[in-house]
Structure formats: C-alpha cells, structure tokens
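Okay, here's the structure, questions in a sec.
The values are calculated or read from the model by the stated rules, or taken from the named source; none is laboratory data. Not measured: the values here are computed from a predicted model. So basically every Cβ, Gly included, is an ideal-geometry build from the backbone, and we count neighbours across all protein chains shown.
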Amino acid sequence: MQAPPTHPLLNRDVLANPYPIYAQLRESAPVHYIEPLLGAYVICRHEDIGPILKSPAMFSSKGMDLSRRTTNKLSPEIRALVTPENSLIASDPPIHTSLRNMVGRAFTPKRVAELEPRIREIAVELINDMLRKDEVELMEDLAAPLPVTVIAEMLGVEPERRRDFKRWSDDAINSSNLSLADTAPARLEASIRALHEYMQQAIEERRRSPRNDLISALVEAGGKEDFVTSGDLVAFCRLLLIAGNETTTNLIGNGMVALLRHPAEWEKLVADPSLVPNAVEEILRYDSPVQGIFRETTQELQVGGQTLPAGSRVMTLFGSANRDPRKFQEPDRFDVTREVQGHYSFGYGIHFCLGAPLARLEAKVAFEELLRRVRRFEFAASPAESLDWNSNLFLRGPKSLRLKAQLR
Ligand code: HEM
C-alpha cells in the first residue's frame, strides 16, 4: 500500500529551513487544515493571528497545553499529572485571570531584573569553561545549561538535582507528539513522575518553612487563592521548565546560527554591543524559538476568509507571521539594527509570555559575554556537519552547534 502523501511542513528535511514553505503557504493557503500530527488549521498570515489571540472567548486555550499532544502516548495516571485542572497556559478567563494574578505576584519583573548579576556570573562561568576547549558545542556548553541553572536557582532547587531537572525538562519536550523524536514512553513516564514527586515535596517543605525562593513565593501567592491546590503549583513549576528552558536555549542557539550566517551583523555587535538587546528582538522575529501555538474555536468562525467549524483546532504559525512581508519590510533579511515591532514570538494578548523579561535578559547577557571574549566564531566543520536541528516542528532550535572560537 502506498503511504499517504505527507504535508510539506511535516517533512524532516524542512526542519533545517521551513521558511520557503511558509512563504508558499502564506500566499497560496494562508489558512488550511493539516491532519497528520497537527489536526489543526494552520494560520500563516500576521494579520490573521492578532485577532485570534485577542479573542479567548472565541479561540480557547482550554486543554491546549504545550504537552497536550503528548497525552495519547501516556498512561491515564501520568496523563492526569500533565493535564492539571488549572493550568495557566491552558485555561481561559476567569480561571486564567486568577492564576495569572497569582503567579504574577511571585514571578515579577523586579525579581527578574534583580537576577542580572547572578545570570552574568553563571554565563561567564559557562563561557570560560567552554572557551578552554578547541571546539565548542554551544548548545551543550552554554545555551542549554544557562536557562536551566537560572530557573533552578530561582525556584530554589538544590545544585545536586540540576542534572535531573534538565532531563525532566528535555523529556517533557520530547513527549510532545509534535516532536519527530521518539523517546520511550516508559522513560517519559518515569521522568514526569520524578518531577512531580520532587516538586510536591519541595512545595510541602516551603509550606512548613518558607525560604527566599520562587517556590516559597508561589506557595504564599497560592495561599491567597483558595482554588489553587498543590497540584496546580506543581503544574505551574513544571510549566516553567517546559516553557522556559528549551525556548531560551533555542533563542541563544538560533541567534548564534543567524550571526554565523550573517557575519556583517556580528561585526555590528562587535562595534557596538549596546545593539545586543535590539539584536535579541530581531533574532526572536527572524527565527522564532516557538514556531506556533494552539487554540480551539468555541463557535463557527471566519479566519482569513475561511469558515472554521466550532471545535476546530487552530495553530497560529508565528514562524510564518514573523516573516510576513505585509508586516515586515524585507522579512527574510536579518538585520540587528532593524526596528522590530510586532513579532509574535512571545505570543500576544492575555497569555503573553510570562517569562519574556527573563528570556530577553538571559539572551542579552549571553551575547554580551560572548562578544566580550570572542572576536569571531565559525562553524567547526562544514555548516551541514556542524549544525543539526531539533526534530520538533513547534520548538525550533539547533540540537547541536559545533563551533570554533577566535578569542580576543
Ligand atoms: C507563554 C514563548 C521563555 C514562561 C508563552 C507563549 C509563548 C512563549 C509564545 C504564549 C503561549 C500561548 O499563548 O498559548 C516563549 C519564548 C521564550 C519563552 C519564545 C524564550 C525565548 C519563557 C521563560 C519562562 C516562560 C524563560 C519562565 C521561566 C511562560 C509561561 C507562559 C508562557 C508561564 C504562560 C503564560 C499564560 O498562559 O498566561 N511563552 N517563552 N517563558 N511562557 Fe514563555
């Protein structure tokens, strides 16, 4: 029997560069249904995405967890753990409003800004270790450990459990059905259970004796909302790992790839490092770590001139919207001096990324410290041999990136 034709977006070869296909879809099929793997209408144009994310009553987040498409790989017991009653990212008002207020009291921009010196210390230590080697593996040496270490310290996780943390977070990402990687369900389940047990214990400990960490702040903030259970807090801590680690890792990795492929832009940053925060915004636009997110229609609706039945799943394809020429001039040009406004890489509306200030800060510090030590990076071997992309359609970033560094 002949295999059914797969959609071009679901082809492994596309992982290296999905943008030409996005461009074709944006022009020829800006709203269209993809059954295999997605089961969703894919929304490709910038102008169609804003109204969707602004209308939670019509485009619901309920059940649209990052890990939603995991669930048919998992046993009912584990499924219950990963789909909590009250999940911030997978809820609508009024539950979302209460949860967001609650975590907003703990995860404040002030708490994040105060972290800058410590983030810099961690980054400098990782970069120093990395640059002692002839060949650098940027993802493993810097891009992955930086956000994990920062969030683990914020939460108050003991240093000896950090390795476990990284594994739990990686497994959670790989458990997504949007990943073309196959991680054994038994390993996923063990990992999900271990994270839950660890978090539950940590929360109970902080209830008895609060510390100066994010878990304690969450426990305190949760205490003010009577519907928030320990299970919800565990789920939120898990969400921080899933939503915050791989995404920030990919931001640093995608940024380095863009700069390697555009040496003149690297030189602009060498000449003027104060451009780094702007460069981070351009990296977010140019190669978004989150390529798209899901919503479900609560009624029959029109999007981009198409009628979507009630109960349809939609995927807003940020990777395409951020390159939409109707919104961005010369969208395929990577320009660290571009005035970037209106990219969707952190989402939009009520679910706008809670961790955006932290992600921006970590990427800024990482690139500032790299620029301070390194005159130039180049691929360790040919680009194809040095760079391997993750097999995930939804979280985009290098799996490995081998480089040689010419030090200052
Ligand atoms: C939400 C992207 C880093 C925590 C989101 C959403 C996007 C996103 C697109 C919206 C989801 C939706 O509307 O359904 C990113 C990217 C990051 C990043 C690209 C890095 C470059 C972080 C970090 C944290 C974090 C570092 C925390 C440590 C969250 C949370 C939400 C969220 C808790 C849910 C907010 C809500 O539903 O109200 N993120 N994120 N993210 N992000 Fe991030």
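Quick test of your reading of the structure: Leu358 fulfils all but one of (1) of a type in the set (A, V, I, L, M); (2) away from the ligand (no atom under 16 Å from the Cβ); (3) outside any strand (DSSP E or B). Name the failing condition by number.
Every listed condition holds for Leu358 apart from (2).
Something else: Among the numbered criteria (1) within 13 Å of the chain's Cα centre (by Cα); (2) more than 16 Å from the ligand (Cβ to nearest atom); (3) among the polar types (S, T, N, Q), which one does Asn392 miss?
Every condition holds for Asn392 apart from (2).
When the stretch 78-118 is examined, which residues are found to be surrounded by fewer than 18 Cβ atoms within 10 Å (Cβ to Cβ), part of a loop (DSSP other than H, G, I, E, B) and modelled with pLDDT under 85?
Once the filter is applied, which keeps residues that are surrounded by fewer than 18 Cβ atoms within 10 Å (Cβ to Cβ), part of a loop (DSSP other than H, G, I, E, B) and modelled with pLDDT under 85, the stretch 78-118 yields Thr83, Glu85.
Would you tally the residues in the stretch 261-277 being within 19 Å of Leu126 (Cβ to Cβ) and hydrophobic (A, V, I, L, M, F, W, C)? First the steps, then the outcome.
First pass over the stretch 261-277, keeping only residues within 19 Å of Leu126 (Cβ to Cβ): 273, 276.
With hydrophobic (A, V, I, L, M, F, W, C) added as a condition, the list becomes 276.
Of the residues in that region, 1 qualify.
Oh, and also: Report, by residue number, each residue of the stretch 148-165 that is part of a helix (DSSP H, G or I) and crowded, with 19+ Cβ neighbours inside 10 Å.
Taking the stretch 148-165 and keeping what is part of a helix (DSSP H, G or I), we get 148-155, 159-165.
Within the stretch 148-165, Val148, Thr149, Val150, Ile151, Ala152, Met154, Leu155, Phe165 qualify.
All but one of (1) closer than 17 Å to Leu284 by Cβ; (2) at pLDDT below 95; (3) of a type in the set (A, V, I, L, M, F, W, C) hold for Leu393, so report the exception by its number.
(1)
Testing Ile127 on (1) touching a residue at least 24 places away in the same chain (Cβ under 8 Å); (2) within 25 Å of Val219 (Cβ to Cβ), one condition comes back false. Which one is that?
Unmet condition: (2).
Mind listing whichever residues of the stretch 38-77 are at pLDDT 80 or above, out of contact with any strand residue (DSSP E or B) (no Cβ under 9 Å at 6 or more places or on another chain) and among the aliphatic types (A, V, I, L, M)?
Listed by number, the list holds a single entry, Ala57.
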